[in-house]
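Reading through the structure tokens given below for one structure.
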Amino acid sequence: MRIRATVAVLTGTLALSALAVPAAQATDAPKVPNLTAFSQKGPGDETVGDTKITKVTVNGGKDIVVGTSAKKTVSITVTATDPSGINDGAALLWHGSKFTADEIDGILVPGEDEAADCKAVNSTTGTCTIKVVADPKTNIYGNILAGKWKVLAGAQAKDGDYIIRDTYASNVSVKRAAKLTTNASPEPVKKGKTITVTGALTRANWDTLKYAGYTSQSVKLQFKKKGASGYTTVKTVKSGSKGALKTTVTASADGYFRYSFAGTSTTPSVTSVSDFIDVR
């Protein structure tokens with residue numbers, strides 16, 4: 001099962017186990033502890049010296065949206081300070097109640113050969129970028145992983161000091177990609193006659209690796225008159241079986257119809273391609 005493989009990564013082969021001590025200081029500086037062992041001893045933070053993490057940004061502050069096949073590379077930037085300067089950084093994303101092997105049910109870690117890219121901001125501050133990959137065929141293995149994830153972040157100073165925060169933040173959203181369609185008919189249509197606008201709201205199902213209807217969701221039908229600069233909301237429609245959308249409006253002028261969905265905690269906002277209607 002993929003969930004067992006995911007947990008095995010945490011308990012056995014976590015690539016973040018090395019925030020490497022600089023070779024010149026290896027004999028004197030304390031070594032950052034293996035993060036696998038750190039995770040197994042229970043939730044908590046660890047600090048040696050005066051290194052501080054000042055900021056962590058995941059995916060540029062945007063939601064992480066994953067479909068049914070394509071991998072999503074996510075950048076995590078860790079900014080930290082220490083009087084001696086910053087040498088290295090580490091980060092991962094995890095899903096669960098506590099950062100222990102028994103409580104985590106999802107984890108995104110850097111590849112074994114993926115080192116942090118660290119750049120000095122000044123003599124005391126550095127920013128390290130760590131990349132992880134969300135893959136619906138491996139580590140994003142089921143719908144239970146949609147929603148809020150947490151960030152583990154770590155940094156090591158040039159003098160060997162270090163800091164690890166197993167839950168630096170807990171507000172990273174990993175969401176199931178959504179699709180939305182619109183079709184207005186008949187076309188052309190006489191002014192004053194009825195236009196039927198259909199569509200469908202679907203989203204990625206990580207259990208089946210297929211898209212499926214997102215039912216009982218409020219979706220706005222919007223219209224932009226030909227030559228106008230923006231859309232206005234005509235009405236709100238509830239998605240039905242298989243995410244189907246259907247409503248009617250009265251033909252008044254040439255223009256564009258589209259459906260727009262605001263999104264939820266597990267699904268991003270999405271707006272369909274517009275459909276032009278010719279009113280005669």
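The values are calculated or read from the model by the stated rules, or taken from the named source; none is laboratory data. Being a predicted model, the structure only gives us computed values, none of them experimental. Note that each Cβ is placed from the backbone with ideal geometry, even for glycine, and that neighbours are counted across all protein chains shown. Accessible surface is based on the protein model in full, side chains and every heavy atom, while ligands, DNA and RNA are left aside. Shrake-Rupley method; radii C 1.70, N 1.55, O 1.52, S 1.80 Å.
Gain on full extension, evaluated as 0.36 nm per residue between Asp105 and Arg280 minus their Cα-Cα distance, stands at 57.2 nm. Can you list the aspartates and glutamates whose alpha carbon sits under 20 Å from that of Lys190, skipping same-chain ones fewer than 8 residues off? The qualifying aspartates and glutamates are Asp254, Asp275, Asp278. For the stretch 85-155, the relative contact order is 44 percent, taking Cα pairs closer than 8 Å that sit 6 or more residues apart in sequence and dividing their mean separation by the residue count.
Model label points for Thr250 and Lys131, set 7 angstrom from Cα along the Cα-to-Cβ axis, are 5.7 nm apart. Give the lysines reachable from Lys72 as a straight Cα distance under 25 Å; neighbours fewer than 8 places away on the same chain don't count. The reachable lysines, counting only those whose Cα sits under 25 Å from Lys72, are Lys55, Lys62, Lys98, Lys119, Lys131, Lys137, Lys148, Lys150, Lys175, Lys179, Lys210. Summary value for the stretch 37-150: 30 percent relative contact order, contacts being C-alpha pairs under 8 angstrom separated by 6+ residues. From most to least packed by mean Cβ count within 10 Å, the peptides 87-93, 252-258 give 87-93, 252-258. The calculated FRET efficiency for Thr264 paired with Asp113, based on their beta-carbon distance and R0 = 45 Å, is about 0.75.
Derived scalar couplings between HN and Hα for the stretch 112-119 equal 4, 9, 8, 8, 5, 9, 9, 10 Hz in order, rounded to whole Hz, by the Karplus curve 6.51 cos²θ - 1.76 cosθ + 1.60 (θ = phi - 60°), x for Gly and Pro.
Taken along the Cα-to-beta-carbon direction at a fixed 7 Å, the label points for Thr208 and Asp45 span 4.4 nm. Only protein heavy atoms count here; on that basis, with a 1.4 Å probe, Arg203 has an accessible area of about 40 Å².
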